[in-house]
Amino acid sequence: MKTRRSVFDLLVTVFSALALLSIFVFMVLVPEGKAYNALANEVQKKDAELSKLQMQFDQRYDHHSILQDEYRQAMKAVERSFDQAEFIEKHVSDVTALKVKMQKTRYSNGLYVIKDIDVAVRFESPKNFYALMEQINRSDWIIAVKAPITFEGVGDEINATFSMNVYSLN
C-alpha cells in the first residue's frame, strides 16, 4: 500500500508540475511569443520600407550624379561673375567692333543676380554675327540674348544692337 501511495503521490506531483508548467507556458511564454512575432512582423515591414526608401534614394542619387556630370559646365558658368573686359576680349575676334554696357543688376529670389547688358556690335557679314552668337552660346557665363535684335546697314558693314541677361549666383 505504501508503494501505491508513493507512486500516487509521485504521479500527482508530476501531473501538478506539468499542469503548473502548462499554465506558465500558456500564461507567460505564449503571449511573449505572440508579442515577439508581432514585433518581428513589424520589423520586417519596416525593413521592407527602409529597403524601398534606400532604393529610391540610390536612384535619385545616381540621377543627381548623372545630372551633375552632364551640367558641370552650366554649374561652373553660373558660379562665374560677369566681367565686361573678358567678354569683349573673348568675342571681339568675330566682329569689327564690340561695345558692352551694363545697364542694371537685379536679384531673382535672392539666389541669382541678373545683369541687364546692352551690346552694340559691328560686323562685315551675317556669318560673323552668327559666329558671335555661337560664341556667346558657348560662353563661360549663362547668357540669354533678348529680342529684338536691331540690324542697321552702314556702308559695307552692319551694326546690330541687342540686350542680354547674364545670370550668376548671388
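Scanning segment 141-170 for residues that are assigned to a loop (DSSP other than H, G, I, E, B) and at negative phi yields a total of 3.
Take the conditions within 30 Å of Ile158 (Cβ to Cβ), in contact with a strand residue (DSSP E or B) (Cβ under 8 Å, 6 or more places away or on another chain), surrounded by 10 or more Cβ atoms within 10 Å (Cβ to Cβ) and small (Gly, Ala, Ser) and apply them to Ala97. Does it pass? Spelling it out, Ala97 is indeed within 30 Å of Ile158 (Cβ to Cβ), in contact with a strand residue (DSSP E or B) (Cβ under 8 Å, 6 or more places away or on another chain), surrounded by 10 or more Cβ atoms within 10 Å (Cβ to Cβ) and small (Gly, Ala, Ser). Taken as a whole, the condition of being of a type in the set (Val, Ile, Thr) and not assigned by TED's automatic domain parsing to the domain that holds Asn137 applies to Ile66. Within the set Glu79, Glu89, the sole residue that is within 26 Å of Phe162 (Cα to Cα), out of contact with any Phe, Trp or Tyr (no Cβ under 9 Å at 6 or more places or on another chain), at pLDDT below 75 and among the charged types (D, E, K, R) turns out to be Glu79. When the residues of segment 94-120 are narrowed to those that are touching a Phe, Trp or Tyr at 6+ places or on another chain (Cβ under 7 Å) and in a strand (DSSP E or B), which ends up modelled with the lowest pLDDT? Once the filter is applied, the top-ranked residue is Tyr112. List every residue pair whose Cβ atoms sit under 6 Å apart, with the two residues 6 or more apart in sequence or on different chains, where the first one lies in segment 57-84 and is under 30 Å from Val119 (Cβ atoms) and charged (D, E, K, R) and the second, anywhere, is surrounded by fewer than 10 Cβ atoms within 10 Å (Cβ to Cβ) and modelled with pLDDT under 80. Note: no pairs meet the criteria.
Restricting attention to segment 65-74 and to residues that are of a type outside the set (D, E, K, R) and at pLDDT 75 or above, the residue that is farthest from Pro126 (Cα to Cα) turns out to be Ser65. Selection within segment 113-132: residues that are surrounded by fewer than 15 Cβ atoms within 10 Å (Cβ to Cβ) and within 37 Å of the chain's Cα centre (by Cα). The member of this set that is nearest to Phe162 (Cα to Cα) is Asp118.
The values are calculated or read from the model by the stated rules, or taken from the named source; none is laboratory data. The model shown is predicted, which means the values in this text are computed figures rather than measured ones. With ideal geometry, Cβ positions are generated from the backbone for all residues, glycine too; neighbour counts draw on all protein chains shown.
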